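Quick notes on the structure that follows.
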Amino acid sequence: MITTLIPVFAALGDETRWSILAALGEGEASASALAERMPVSRQAIAKHLSVLHDAGLVEPVRAGRELRYRVLGAQLSATAQRLDTIGAEWDRRLVAIKEIAEELEGRD
């Protein structure tokens, strides 16, 4: 499970890729359209899109002669669900630690 999160977090760990993903959250766009909105060349955008695609976060969609990209919400939702599971486990552990500490404090 954790190994599947590594490429996603590696892709999201870059500020430009995060910005691209946020922009695509507003709607499909081509690398050229994204480059017009960001201070990055079209070639750099294309490389970032490749990383996001490899991580399963975006997919290319052909619109006539143009290649647009769209966000894959399912992967983002699955990642959020995994993080929720990890967070719930930590919460459970913290409650157990608190209970132990309170029990030890009550013995004094």
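Here Ser77 qualifies as exposed (fewer than 11 other Cβ atoms within 10 Å of the Cβ) and within 21 Å of the chain's Cα centre (by Cα). Quick check on Ala35: is it small (Gly, Ala, Ser), over 12 Å from the mean Cα position of the chain (by Cα) and more than 17 Å from Val71 (Cβ to Cβ)? So Ala35 fits the description; yes. The numbered conditions (1) in contact with a strand residue (DSSP E or B) (Cβ under 8 Å, 6 or more places away or on another chain); (2) in contact (Cβ under 8 Å) with a residue 40 or more places away in the chain are all true for Gly56 except (1). Considering segment 17-36, and only residues there that are hydroxyl-bearing (Ser, Thr, Tyr) and buried (at least 16 other Cβ atoms within 10 Å of the Cβ), the residue that is nearest to Gly73 (Cα to Cα) turns out to be Ser19. Out of Leu76, Leu83, one residue alone is of a type in the set (A, V, I, L, M), over 19 Å from Glu26 (Cα atoms) and at pLDDT below 90. It is Leu83.
Only one of the listed residues (Pro39, Pro60) is surrounded by fewer than 17 Cβ atoms within 10 Å (Cβ to Cβ) and over 18 Å from Gln75 (Cα atoms). That residue is Pro39. Remark: pairs (first residue in segment 34-50, on the phi > 0 side of the Ramachandran plot; second residue surrounded by fewer than 16 Cβ atoms within 10 Å (Cβ to Cβ); Cβ separation under 7 Å; 6+ apart in sequence or on different chains) are absent.
The values are calculated or read from the model by the stated rules, or taken from the named source; none is laboratory data. The structure presented is a predicted model; accordingly, all values stated were derived computationally and were not measured. Note that we place each Cβ from the backbone using ideal geometry, even for glycine, and neighbour counts take in every protein chain shown.
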